[in-house]
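The values are calculated or read from the model by the stated rules, or taken from the named source; none is laboratory data. This is a predicted model, so every value here is computed, not measured. Don't worry about glycine lacking a Cβ; one is built from the backbone with ideal geometry, like all the others, and counts go over all protein chains shown. Surface accessibility is based on the protein's heavy atoms, side chains included, excluding ligands, DNA and RNA. Shrake-Rupley method; radii C 1.70, N 1.55, O 1.52, S 1.80 Å.
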Amino acid sequence: MDALEQLPIPLLEWFRDNARRLPWRDKPTPYHVWLSEIMLQQTRVAAVLGYYKRFLEEAPDVAALAALSEDRLMKLWQGLGYYSRARNLQKAAKIIVEEYGGAFPADYAAIRALPGVGDYTAGAICSIAFGQGVPAVDGNVLRVYARMMGDDGDISAPQMKKKVTQALKAVIPVHAAGAFNQALMELGATVCLPNGAPLCKRCPAQGFCAALAQNRIAGLPVKAPKKPRRVEERTVWLVFLGNHVALRRRPGQGLLAGLWEFPNEEGSGPLPARWGIEALSDEYAGRARHIFTHIEWHMALREVEAGTDGLPPGWVWAGGAELEEKYAVPNAFDGALKLAKERLNGGK
């Protein structure tokens, strides 16, 4: 019996005793599982908890999500990043309402076809919400598999993911598929850690883990190095008029599409004359940095006092309350947003 065949019973027993209490596990409806899994993509559990609760308060079901205005959807998502996830959530919700009468489809292929849903998310929904024997292979699962099996395949390669998925299909317990998938993810998140030393003494697979037996923990999993990010120098202007600050909406396509931002330009220099803003002053206010997947922004922040209320088309004057409640400003501009709030409402 190989390591993978030995895994289910000790893993499920470990999960029964060590599973974290998470709100989406209390009521694992298809909607709750779907929402939580999309929120958790590239985001830590601790960061998601508050967002998940607030989101459900305004969008408790698929129909409510489909009916949200885009601005409200983006405001609810503000700070989570990767905003295309929220847009795809709503696109999928509208499809479920229009094509399935608001009832979440239970078929893997139908779920997989929804916008923003990949193999992993479809597997999680099918197994956790519908009890189907479908693996859900994410980075945590790939890491556990590579160490336990002593597999030095590149876990970022699609063929490795397919290999692991097929291997898990052969051992996933038919009557505990959801618990098994969650247990594997939990093991990777809390014991078989990605950064730093894994907690092998707490692992239910320690007796048959190849990496532990062969002293290869530090070398597994294998992952191809990422390409270096491109660095962009930008200038961000906080244009104030009394107790308001200027915002503009980003284009509907591309990076941070459709969100509100503080006006900015690549490079350095004075406030662009083409904006037609009368600047009484234009002063340096500090620096900020934000890292995207492929780009890194290095930003010089400047504060401008406007002499009149004229703004280019599509721009708005936002007060402190509107920054809090109405306009979704992505966390790429957290440094500028902090300065704006300090000016407008004392940082509250």
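See the values below:
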| quantity | calculated |
| --- | --- |
| Per-region count, the stretch 76-120, residues in contact with a Gly (Cβ under 8 Å, 6 or more places away or on another chain), open to solvent by 60 Å² or more (accessible area, probe 1.4 Å) and among the basic types (K, R) | 2 |
| Unmet criterion (only one of (1) closer than 27 Å to F55 by Cα; (2) in a helix (DSSP H, G or I); (3) of a type in the set (A, V, I, L, M, F, W, C); (4) open to solvent by less than 20 Å² (accessible area, probe 1.4 Å)) for F180 | (1) |
| Cβ pairs under 7 Å, 6+ apart, first in the stretch 121-148 and open to solvent by less than 10 Å² (accessible area, probe 1.4 Å), second in a loop (DSSP other than H, G, I, E, B) and polar (S, T, N, Q) | C126/Q132 |
| Single residue of the stretch 194-216 satisfying the filter (of a type in the set (A, V, I, L, M) and part of a loop (DSSP other than H, G, I, E, B)) that is surrounded by the fewest Cβ atoms within 10 Å (Cβ to Cβ) | A197 |
| Test result for R274, in a strand (DSSP E or B), charged (D, E, K, R) and over 17 Å from A328 (Cα atoms) | no |
| Candidate set from the stretch 27-44 (those that are surrounded by fewer than 16 Cβ atoms within 10 Å (Cβ to Cβ) and of a type outside the set (S, T, N, Q)); member that is farthest from E99 (Cα to Cα) | R44 |
| Residues of the stretch 260-269 satisfying the condition of being modelled with pLDDT of 90 or more and either closer than 18 Å to I295 by Cα or surrounded by fewer than 20 Cβ atoms within 10 Å (Cβ to Cβ) (or both) | E261, N264, E265, E266, G267, S268 |
| Candidate set: the stretch 217-249, residues that are assigned to a loop (DSSP other than H, G, I, E, B) and open to solvent by less than 40 Å² (accessible area, probe 1.4 Å); chosen: the one farthest from L280 (Cα to Cα) | L220 |
| Test result for E305, in contact with a strand residue (DSSP E or B) (Cβ under 8 Å, 6 or more places away or on another chain), more than 23 Å from R343 (Cα to Cα) and either open to solvent by less than 50 Å² (accessible area, probe 1.4 Å) or part of a strand (DSSP E or B) (or both) | no |
